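S.K.: For reference, the structure I am asking about is given below.
The values are calculated or read from the model by the stated rules, or taken from the named source; none is laboratory data. Just so it is clear, the structure is predicted and the values come from calculations on it, not from any experiment. Every residue, glycine among them, receives a Cβ derived from its backbone with ideal geometry; neighbour counts consider all protein chains shown.
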Amino acid sequence: MLAQTLVTGNQSRSQIDLSNCLLGEFRLLRRLGAGGMAQVYLADQTSLRRNVAIKIMRPDFGGNDTYQKRFEHEARAAAGLNHPNIVQVFAVGEEAGIRYIAQEYVHGLNLRQYLQRKRPPSSHLALHLMKQCCSALHAAHQAGIVHRDIKPENIMVTRRMVAKVTDFGLAQLTLDGNRVNLTQMGQTMGTPLYMSPEQINDANVDARSDLYSLGVTFYHLLSGEPPFKGPTAVSLAYKHLHEDAEPLQKRRPDLAPSFVRLIHRLMSKNPAERFPDAKSVLAELKRIEKSGETGAAWADEDDDTETVATESFWHVPRPKLKAYGIACLAVLILSSGLGRRSRRTDPLDAPLTAVADIPQQKTAAAQVTVARTLARGGNPERVIDAWQVVLDEFPDAKLANLEAHRELGILLLKQRRYDEALKHFDELARQNDNQWKADGIAGQAAVASLTDRFGVSHELLVLELSGLADSLSDTMRPLVQLAIRRNGERQGSPDEELEKLFAPKEEDILP
C-alpha cells in the first residue's frame, strides 16, 4: 500500500504526504518539516510505544547514488554517537524502496525558531546552551566526525533548556586519517551564512571549522542577526573570507567582554587563531561562568523593560493600605497579648500598619530587630526605611545587610517597584553562600514572572534555582511557587517537575 501511495497520481513524489503510512514498526503521524534531502515526520514506534522522528529520503533523490551514500553516512555517523546533547539515532531502514532514519524526537524549538518567537537570549542562557553544544561537538570530534553544517536550525532546545545538536547529514568521517569526502564535482557542502573560510575554499576541513560555525551561530543568536549578510552566496562567501564582523559588544553592550572575545575568537579567519578544539572552548565557557561575569545580563531579555504585570495575586493597592493600617493598629492595641498570627496563603498578602519614627540603634543586630518589629505592624514605606537604615548605617555587617536586601526586595516587589526590587535580589544572587544565592535567584524569577517575562522566569527556575532548591529559604519559597504557577498559567503548559520540586514543605501544609 505504501509503495502504491508513492507512485499513484501526477503529484510530485517529493510533495506526497505519507502521514498514517507504516514504515516497518513506525507509523507516521504527521509531517514536521523538510530539509535539503529529506522529509521529517513525527512517528509512533509501535513496539516501544514512543514518539520518534523519522527522516525519509526525498523520493526524487532515490536514484542518485551520491545522495544515497550521504543519507547512509549520516545515519551511521550519528548512530555511533551516544551523548545527551546529540540527537540519538535509533534505527536505519528501508521499506517499499523508501530509505529512512528513526531518531530521537525532540520536543522543542531550534535556535532559529527560538529567535523568531523571542528576543535574543540572555548572556547566561546563551552560555548555558553553548556549553552543551561544545560538549556535543567534542564527543563527535573525538569519534572522528566533523559536523560541517552547524547552524541555528541544527541546534534544538527543549523546554528544559537542553541543547541537542542534530543533522549530521554533511558530516565528514575520517577513516584511518583520510577524509571520506562525499562531495562531487567540487561542490561545497554547508550553509553559506555559517560556513567557515576553509569550507568555502573547499580546503581541508577539520574540527575547527565546526567551531567557526558555532561562533557565527551564537553571534546570530545573541545579536538577532548573522554577522554577514548578502544577496547571493558568492557575496556571503566573500565576507566570510575577507571581512570582519561588527563587534558583538556594539550590538549587545550588556554581554560580558570575555564572552564576546570568545565568540570573536571562534570566528577567526585563520583556523590556527581559533581554539584548538571544542574541549578548550568548553573550559573557557566554564571559567567565564564561574567568574560570575554573566550573572545579571538576563534582565534585558524578552519583553520591554518597562512592561509591568497587568495583575498580581497578592498586590494591595495603596489606598487600601492606609485603611488597613488604621484598622490593624487598633487590632494590635486590643490584641497585643495574644501574639498569634494567621497563616498567609500568598506571600506578602498581609497588610502592614503604621508606626512612628524609626529608632536608631548602636549595633547592626539591634537595628535588624527594630526592622523586624516594624515589619509586624508598620507602614510599608517606614518598614522600607527601617531596612534601608541597616544598609546605610552598618555597611560592614554582612549578614544583616543580606537580610535587609532580601526584605527590601520583597517589600519593593509588593509595591510593584520591580527595578528597585531587582537590584536587591541581584545582590543576593551574587553571593557564594547557597542560601542567599538561592533567595536572590528566586527573587529574580519572581520579578521576571510579574513583569510578564515568563520565559526568563522559567529559565532562571530551571537553570539556576533547581540545583539550589534545598537551600531556598522558607521566606522565598512562596514567591517561587507563585512564579511557577503564574508562568504555567500564562504559557499554557504547567511545569509539573518544578511544581513538585518547590512544593510546600510538609510542615507548611499539615494542620
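S.K.: Cβ-Cβ below 7 Å, separation at least six or inter-chain, first residue in the stretch 150-175 and at pLDDT 90 or above, second of a type in the set (Asp, Glu): which pairs?
M.R.: Between residues of the stretch 150-175 that are at pLDDT 90 or above and residues that are of a type in the set (Asp, Glu), the close pairs are 150/210; 154/167.
S.K.: Could you list, in sequence order, all residues of the stretch 426-468 that are more than 27 Å from residue 109 (Cα to Cα), out of contact with any Lys or Arg (no Cβ under 8 Å at 6 or more places or on another chain) and hydrophobic (A, V, I, L, M, F, W, C)?
M.R.: Correct list: 438 only.
S.K.: Residues of the stretch 230-248 being part of a loop (DSSP other than H, G, I, E, B) and in contact (Cβ under 8 Å) with a residue 24 or more places away in the chain, which ones?
M.R.: Selection gives 245 alone.
S.K.: Here is a follow-up. Of these, 366, 404, 448, 438, which one is among the aliphatic types (A, V, I, L, M), over 29 Å from residue 485 (Cβ atoms) and at pLDDT 90 or above?
M.R.: Just one listed residue meets the conditions, 366.
S.K.: Please go through the stretch 255-282 and give me each residue that is of a type outside the set (Asp, Glu), part of a loop (DSSP other than H, G, I, E, B) and surrounded by 15 or more Cβ atoms within 10 Å (Cβ to Cβ), ordered by number.
M.R.: Across the stretch 255-282, the qualifying residues are 255, 256, 267, 268, 269, 274, 275.
S.K.: Looking only at residues that are modelled with pLDDT under 85 and in a helix (DSSP H, G or I) in the stretch 467-497, which one is surrounded by the fewest Cβ atoms within 10 Å (Cβ to Cβ)?
M.R.: 496
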